[in-house]
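Asker: This is the structure, below, for whatever I ask next.
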Amino acid sequence: RIFAATEQGLYVSDNDGTSFSAKSLGFPASYLKTNFVRGHSNTIVAVASPTEGIAISTNSGSSFSRKYKTNVPSLPSNEIKGIYYNVDGSLFLATSKGIAFSQNGFGDFFTTALNNKDIRAIHGKGSRVLAGTASEGFYYSNDGGTNYTLASDFNASNKPINSIFVDDNLRAYLGFSLGLTVSTNQDYNDFDNYNSNYNISSRINKVIAFGT
């Protein structure tokens with residue numbers, strides 16, 4: 001099963017991408033962030049809308065329910081721009097006013113971090129968590145999201161990070177409106193930039209990397 005999050009809603013293919021059909025999410029079709037996740041059980045699918053909350057499926061996308069359309073007291077903002085669902089069942093939400101963290105998945109109680117910062121993307125690997133911002137570059141945590149450090153060697157240049165990904169070697173992949181930046185190491189003190197010279201000249205909304 002293939003999921004495609006688009007500006008007109010979610011589409012699903014059950015024939016290896018030969019054809020797609022629109023999927024009801026329980027709210028009107030709207031712009032969807034292209035960072036939906038599948039949980040460690042391979043049954044959980046979630047997709048975020050900056051205006052409509054989150055649609056969650058616990059049956060591999062057969063049906064969805066809606067959460068976080070209205071603010072819960074501990075959620076910094078219901079303008080949700082990114083989801084990271086860890087293999088241990090913990091949940092990170094990137095919102096326009098900081099990071100919301102839940103140890104119990106899609107619950108209704110969150111602790112917060114990077115308060116009042118516009119977090120555009122979030123991802124992690126093990127205890128390493130990365131959060132991309134609208135204008136400050138990105139932050140990283142080495143303790144599962146309790147404490148964050150600004151990657152000060154990265155030149156943000158006020159560019160919003162639309163997508164962020166951490167590979168198995170803890171390198172960071174950062175997607176921007178006009179290019180891709182990749183760290184050469186897990187210390188985030190050296191970066192390679194890929195832009196229109198590498199035939200990447202359009203807005204990058206989602207980055208995923210496999211292998212080495």
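The values are calculated or read from the model by the stated rules, or taken from the named source; none is laboratory data. Not measured: the values here are computed from a predicted model. FYI the Cβ positions are ideal-geometry reconstructions off the backbone, even for glycines, and counts take in every protein chain you see. Accessible surface areas use protein heavy atoms only, side chains included; no ligands, DNA or RNA. Shrake-Rupley method; radii C 1.70, N 1.55, O 1.52, S 1.80 Å.
Asker: Restricting the search to region 32-47, which residues are crowded, with 16+ Cβ neighbours inside 10 Å, modelled with pLDDT of 70 or more and part of a loop (DSSP other than H, G, I, E, B)?
Answerer: Once the filter is applied, which keeps residues that are crowded, with 16+ Cβ neighbours inside 10 Å, modelled with pLDDT of 70 or more and part of a loop (DSSP other than H, G, I, E, B), region 32-47 yields Leu32, Ile44.
Asker: On the given criteria, is Asp167 farther than 16 Å from Ile119 by Cβ, acidic (Asp, Glu) and either open to solvent by less than 50 Å² (accessible area, probe 1.4 Å) or modelled with pLDDT of 95 or more (or both)?
Answerer: yes
Asker: How about region 48-85: which of its residues are closer than 16 Å to Ile122 by Cα, modelled with pLDDT of 85 or more and either touching a Gly at 6+ places or on another chain (Cβ under 9 Å) or open to solvent by 30 Å² or more (accessible area, probe 1.4 Å) (or both)?
Answerer: Pro76, Ser77, Glu79, Ile80, Gly82, Tyr84, Tyr85
Asker: Which one of the conditions (1) open to solvent by 10 Å² or more (accessible area, probe 1.4 Å); (2) at pLDDT 95 or above; (3) farther than 19 Å from Pro160 by Cα does Asn104 fail to meet, given that it meets all the rest?
Answerer: The single condition Asn104 does not satisfy is (2).
Asker: Of all the residues that make up region 106-121, how many are free of Cβ contacts under 8 Å to residues at least 60 places away in the same chain and either part of a loop (DSSP other than H, G, I, E, B) or among the hydrophobic types (A, V, I, L, M, F, W, C) (or both)?
Answerer: Of the residues in that region, 11 qualify.
Asker: Quick check on my filter: what residues within region 86-101 are open to solvent by less than 20 Å² (accessible area, probe 1.4 Å) and part of a strand (DSSP E or B)? I'd like the intermediate steps shown before the answer.
Answerer: Pass one, region 86-101, residues open to solvent by less than 20 Å² (accessible area, probe 1.4 Å): 86, 89-95, 98-100.
Within region 86-101, Leu91, Phe92, Leu93, Ala94, Thr95, Gly98, Ile99, Ala100 meet the criteria.
Asker: Tell me yes or no: at least one residue of region 144-156 is surrounded by fewer than 17 Cβ atoms within 10 Å (Cβ to Cβ), in a strand (DSSP E or B) and without any contact (Cβ under 8 Å) to a residue 60 or more places away in the chain.
Answerer: So in region 144-156, the residues surrounded by fewer than 17 Cβ atoms within 10 Å (Cβ to Cβ) come out as 146-147, 149-150, 152-153, 155.
From the residues that got through so far, the ones that are in a strand (DSSP E or B) too are 149-150.
Cutting the leftovers down to without any contact (Cβ under 8 Å) to a residue 60 or more places away in the chain gives us 149-150.
Yes, region 144-156 contains at least one residue that is surrounded by fewer than 17 Cβ atoms within 10 Å (Cβ to Cβ), in a strand (DSSP E or B) and without any contact (Cβ under 8 Å) to a residue 60 or more places away in the chain.
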